[in-house]
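Nothing in this text is a laboratory measurement; each read-out follows from the coordinates by a stated rule. Quantities reported herein were computed from a predicted structural model and do not represent experimental measurements. Neighbour counts run over all protein chains shown; Cβ positions are idealised from the backbone, glycine included.
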Amino acid sequence: MSLEAYSQVLVRKVGDTFDIFDTEKNGTIDVREVGTVLRSLGVYPTEAQLHSMLLEIQQDEPSMYVSKASFMAVVCRVISTNEITGPAPDELARAFAVLDPNNTGFLETEQLRVYLTTSGERLNADEMENFSAFATDTETGLIDWRSYLTAVTDILWQNDD
């Protein structure tokens, strides 16, 4: 399916997010970054789902890199059809609220690092670093989880703007 079939907002957000991780600015990212890019878009695949997506993304030319065009085609479809349904916004909010008992809207990066790297579908060090870079407020050094939720829900649940 052509990218024209998807909302312009979705295509732009997926493309912009890919570009953040394309450090060489050559239209590719390291295959090991795909899970991190997906999570920064609010898509939380299991390892099996991630493996399946990688096979599809790289069906034409398996390598250590993923092209932007292949990534965009698969990820826009996955998001628009809700093939991989991560937690709903209210579920994410409840999870963050448990970690934020004073309801400040902010979490210590190190506190969240411990939870995300030791519980459930654990993030690896690179994924955690990329998540922190995306979610941490540069002025306070804290994770503004409400802003993160807004960004994630804009992509996943309001992508037909």
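One table, with the values for the structure above:
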read-out: Cα-based shape type of segment 3-80, given that a ≥ b ≥ c are square roots of the gyration tensor eigenvalues and the cut on a/c is 1.5; value: rounded
read-out: Fraction in percent of alpha-carbon pairs per bin - 10 Å, segment 54-132; value: 15, 32, 33, 17, 3, 0
read-out: Inter-label distance, nm, simple model (7 Å from Cα along the C-beta direction), GLU47/GLN111; value: 2.9 nm
read-out: Simple Cβ-charge dipole of segment 3-80, Lys/Arg +1 and Asp/Glu -1, about Cα centre, in debye nearest 20; value: 260 debye
read-out: Rounded to the nearest 20 debye, dipole of the chain from Cβ charges on Lys, Arg, Asp, Glu; value: 180 debye
read-out: GluC sites (Glu not before Pro) restricted to segment 124-153 and DSSP loop, no more than 14 other C-beta within 10 Å; value: GLU139
read-out: Sequence-separation-based contact order of segment 89-156, relative, with Cα cut under 8 Å and 6+ spacing, percent; value: 38 percent
read-out: Option label - Rg/Rh (Cα atoms, Kirkwood Rh) computed here, alternatives (1) 0.92; (2) 0.96; (3) 1.01; value: (2)
read-out: Between helix 47-57 and the chain: long-axis angle, C-alpha atoms, 0 to 90°, nearest 10; value: 30 degrees
read-out: Bins of 10 Å from zero: percent of alpha-carbon pairs in segment 89-156; value: 20, 57, 23
